[in-house]
Every structure is written in C-alpha cells, then in structure tokens.
Amino acid sequence: MELRLHDTLTREKRPFVPLDPNNVRMYVCGPTVYDYAHIGNARPVIVFDVLFRLLRHLYGEAHVKYVRNITDVDDKINDRAARDFPGLPLNEAIRKVTEQTGKQFHADVDALGALRPSVEPRATEHIGEMREIIERLVKGGFAYVAEDHVLFSPQAMNAVNDGLPRYGALSKRSLDEMIAGARVDVAPYKKDSTDFVLWKPSKPGEPSWPSPSGIKAEGRPGWHIECSAMAWKHLGEQFDIHGGGIDLVFPHHENEIAQTCCAFHQQRMANTWMHNGFLQVESEKMSKSLGNFVTIHELLKDWPGEVLRLNMLKTHYTSPIDWTMKSLEESAKTLNDWYRFAADVAPSKPAASVVDALLDDLNTPQSIAALHGLRNAADAAGLSASLRLLGFLSESLAQWEGRKREASGVDAGEIDRLIAERTAARARKDFRESDRIRDELAAKGVVLKDGKDADGKPVTTWELA
Ligand SMILES: Nc1ncnc2c1ncn2[C@@H]1O[C@H](COP(=O)(O)OP(=O)(O)OP(=O)(O)O)[C@@H](O)[C@H]1O
Ligand SMILES: [Zn+2]
C-alpha cells in the first residue's frame, strides 16, 4: 500500500510523493517558549511524531528530515520575563525564561515518547534569513516600509496572475471578504487593512536587531516570517509536508505561504499541508486564554507519558478529542496489558494491518484496533514490533511495573519482606499466618501469585490489582 495524506490546501486525500525520496522534508510549527505546554499543545507533537516514525520506516532513518522550530521572540515572552525577573535587564530575563521553558518542553515531550526532530531551530538564530526574505519581498513589490515597519501586501500578491498561489487559498477565504470584514481601527502605517507585519520597531530595552534596508532603527521580526525563514534555511524553498494545529491555518500558515512563495517565485511552499484538530474539554478548545488547560507536566505526575500518548492516538488526528479521565483510565489498562504481554518479547516485524492503517492518512484508531487484533491472536512478537513503530514500549516490563509501584506508594522492599515471612509460615504449615499476610497485602492492592520456578521450587510473585 502507498501512503496517502489529507492535504488542507486541496481538501483531498492524495498519494504522498516526496520531492526527493532520499531527503523527505517536514516542517511543524513548534512552541512559543514562555510557559508550561498544555496537553493540547502535545497533540501536534505526538501526531507528527507518528508521521515522522512512519516516514523513517518507509524511506529509511537517514532520508527523513524533520524540523520543528522554537519561537523565542514574542510579546508573551517579554511580558513573562518582566513579570518573573523584575530585577534583571529584560534581555537577560528573556534568556532565563526561554531557557527554562525550552528545557521543560523537552522533558515533557521526551516523556511522551516523541523523538527529537532532526533540527530544532530557534527564531533568534535566523534573523539574517528573515531580513533576506523581507528584502526580497520589498524588491519584488510585495512588501513596503512604513514608520519603521515592513508590511506585506496580500493585494499586491493577488495582483500577480502567474506563478504564484492566491492569497487565501489555504484557508479558503477571499481577499475581498477579508477587506469587507476588516476592523475599523487599522494601524495608521498600513496601506490596506489586510496588510500584515513582517518587521516592527522594538521598544527601548526589548530585544532588537539591525533592520532590513530602508530602516535605520533596530527592530524585531513578526511571528509569521520566522517560520518562512527557518523552513527555508533547513528545508529549502519547497519541501514535502508542513504541519501544525488547525488554529494555525489562518493567518499563520496563509502568511507563511505568501511570504515564501512571493520571495522565491514559487507556486507552492509545501506539497502537503496537514492540520491536527483540537483537544477539547467539555467541547471547548483547551487553551491558555480560556484557563481550561492542564499541563503535560502535571499529567505526568499521575500517568506514564505512554498512556497520554495512547489516549491521544485513539482519535484520528483530524477529529476533535474530548479529554476525559475515563478514557485515560482505559488507555492505562490497555497499555498495562500490552506491556505484560509484549514488552519483554523480541520484536518481529510491524504487522501489515498496523502499517496499512497508518498509510491511510495516519488512521491511528484503526492501527490501535489492529494492535488489539495482534493481542487477541497472541502474536507477542508482532505486537512488540508494531507498538515500537508507534513509539511505545520504551521501557522494560520491570521498569514499567516498578514505576507503577512507585506511583501507587507501594514499598517493594516491604512487600518482599512480607512474602518471605509468608513463605516461611507456609513451610511450617502455619496457614493462619500465611493467609493473614496475604490478606494484609490484598488490602494494599497487592495480589500474590503462587507458582513454580524452572527447577520446580515454589515462588511467589506479585502485582498491583
Ligand atoms: N487545544 C489544542 N488542541 C490541539 N492543538 C493545539 C491546541 N492548542 C494549541 N495547539 C497547537 O499547539 C501548537 C503550539 O501552539 P502555541 O504555542 O501557539 O499554543 P497556543 O495556541 O498559544 O495555546 P493557547 O491556544 O492555549 O494559547 C500549535 O501547533 C497549536 O496549533
Ligand atoms: Zn509556524
């Protein structure tokens, strides 16, 4: 079977044909680093990690390049830095905020079983590329300088009839409607209400860099130009897949396309545009501004990262997910069973049923149904390999069980001591005492299993109920 992916631009599920099968290239918009990421932010991380793993499986590890950026220049970062480190010069405070948040983000997504991307560029390290794209856009007549800003003109773009996409094609909006629906209080330096910022002046004390030609004062980039610059630097003028959450379609991705295609006179920026649906709480998008969020960091205190991962993948990436406790509990149960059955078994090959489901526009719910099928067919080696392809079984069974014991507050040393006492009681036929110990452990949720080892000697093992 071939890989088919749904493309937001054409609204079609199409066979995926890489520009160069020896260098398959994917860009995904990463976090703005000023605070803990919430579990909604984890959705694109996990979804595109599955795609990254699938592409590596299909084209070979050395032939896939995955770029996910870190936005480390933004008003929200400046505000947080001023609030958290009022005693420090702003630039130093910003460095502290972005460093801490970046580290936390890595710890979180590592725990979710996400591979690190091939490159994780930081916006502040690509100011030169941003300036270059901006200068090309001004030269080409797509952007203009006004009051120390540089603005992009979607109307100038759509005046060109040949070789460029239409502004609005990705989000299926017409420029005329955007103009009609524009707010009245348009910034005075904009020629048209739909123009957007490529570069703007910095306030005193804020991070600033030499501006594109035509502007004397130092300034800083707008958000959209950052991704065009980082994608260009690491993946070239055109690449295969661009991804992110559905909220990024407009204006962020529409503007990325406009900048990149006009700067390099291309019909396309990425060949396939993929967007994940929202993770919701009680039918509303989880978001920082609504305050209905729970951080990955908090959830990891109660759940192994792989349980969060499985829970995320039970829903197809384009559909909304309602995030519930009940569903998490079910995911934990399923994963416990799979760990016991397959974690310590040498993997064979990922099952065709699992891979085929993924090839069909990353149909992870279907692939999970196929995993249950392997479990029911008692194919431990196939289950082991298939789970690994999806980013599970990063731990041995002993590590997995040990972590659960730790989380449940059960003291393994104490249990071993009680089991030894019970074995001694049984040896002297004091069954009242041995039953008492078994009941004491049961009250703590510890279930004993009596069996024999390879030499036929009695052994007692335990697990949590
Ligand atoms: N509830 C959600 N469900 C799925 N994806 C989300 C959700 N919220 C944010 N994302 C995605 O997370 C990634 C990081 O986005 P970003 O750092 O801008 O978060 P955010 O949009 O600021 O979050 P918030 O909406 O809470 O302010 C983006 O790809 C975005 O689409
Ligand atoms: Zn982006």
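Bear in mind that the values in this text are calculations on the coordinates, not laboratory data. Quick caveat, the model's predicted, so the values are computed rather than measured. As a convention, Cβ positions derive from the backbone with ideal geometry for all residues, glycine included, and neighbour counts pool all protein chains shown.
State the antiparallel share, in %, of DSSP beta bridges confined to the chain, rounding to the nearest 5. It would help to have the intermediate numbers written out before the result.
Working: 25 of 45 bridges.
Around 55 percent antiparallel, to the nearest 5.
Show which lysines lie in cross-link reach of Lys301 when reach means a straight Cα distance below 16 angstrom and same-chain residues fewer than eight apart are skipped.
List returned: Lys404.
With axes computed from alpha carbons, what is the tilt in degrees of helix 90-111 against the longest principal axis of the chain, rounded to the nearest 10 within 0 to 90?
40
Once the Cα atoms of helix 223-235 and of the chain are each reduced to a long axis, what angle between those two axes, in degrees from 0 to 90 to the nearest 10, is obtained?
The answer is roughly 70 degrees.
Percent relative contact order of the chain, based on C-alpha pairs within less than 8 angstrom and at least six residues apart? Working shown, then result.
Working: 724 pairs, mean separation 76.8, N = 465.
Normalised by residue count, the contact order of the chain is 17 percent.
Using Cα-only point scatterers and the Debye equation, what is log10 of I(q)/I(0) for the chain at each q in 0.08 Å⁻¹, rounded to two decimals?
-0.57
Using helices alone, what [θ] at 222 nm do you get for the chain, with -39,500 (n - 2.57) per DSSP H run of 4 or more residues, divided over all residues and rounded to the nearest 500?
Computed ellipticity for the chain at 222 nm equals -13500 deg cm²/dmol.
Using Cβ counts within 10 Å as a stand-in for footprinting exposure, how do Ser319, Ser386, Ser118 rank, fewest first?
On the way: Ser319 10, Ser386 30, Ser118 16.
Fewest-to-most Cβ neighbours within 10 Å comes out as Ser319, Ser118, Ser386.
Once a ≥ b ≥ c are taken as the square roots of the eigenvalues of the Cα gyration tensor of the range 410-465, is the result rounded (a/c under 1.5), prolate (a/b larger than b/c) or oblate (a/b not larger than b/c)? Show your work: numbers first, answer last.
Working: a/c = 1.85, a/b = 1.19, b/c = 1.56.
Judged from the Cα gyration tensor, the range 410-465 comes out oblate (a/c at least 1.5, b/c at or above a/b).
What ranking of His253, His106 emerges when the number of other C-beta atoms within 10 Å of each C-beta is taken as an exposure proxy, fewest first? Could you put the intermediate results ahead of the total?
Working: His253 24, His106 14.
Fewest-to-most Cβ neighbours within 10 Å comes out as His106, His253.
Taking neighbour counts of Cβ atoms within 10 Å as a proxy for exposure, in what order, fewest first, do Thr101, Thr124 appear? Don't skip to the answer; put the middle values down first.
Details: Thr101 21, Thr124 18.
Taking fewest neighbouring Cβ atoms as first place, the list is Thr124, Thr101.
Once every Cα of the range 4-279 carries one equal point scatterer and solvent is ignored, give the base-10 log of I(q)/I(0) from the Debye formula at q = 0.09, 0.11 Å⁻¹, two decimals.
Values returned for q = 0.09, 0.11 Å⁻¹ are -0.43, -0.65.
Taking the Cα atoms only, what angle lies between the long axis of helix 397-408 and the longest principal axis of the chain, rounded to 10 degrees?
So the inclination is approximately 90 degrees.
Need the full-extension length gain, Thr10 to Ala412, defined as separation in residues times 0.36 nm minus the C-alpha distance. One decimal, nm. Mind dumping the intermediate values first?
Values: separation 402, 0.36 × 402 = 144.72 nm, distance 5.65 nm.
So the chain would gain 139.1 nm between Thr10 and Ala412.
Given the pairs Lys200/Lys233; Lys172/Lys326; Lys314/Lys349; Lys96/Lys203; Lys13/Lys333; Lys103/Lys288, which span a C-alpha to C-alpha distance of over 28 angstrom in this model? Numbers along the way, then the final one.
Working: Lys200/Lys233 22 Å; Lys172/Lys326 37 Å; Lys314/Lys349 22 Å; Lys96/Lys203 20 Å; Lys13/Lys333 34 Å; Lys103/Lys288 20 Å.
Lys172/Lys326; Lys13/Lys333, as the Cα separations exceed 28 Å there.
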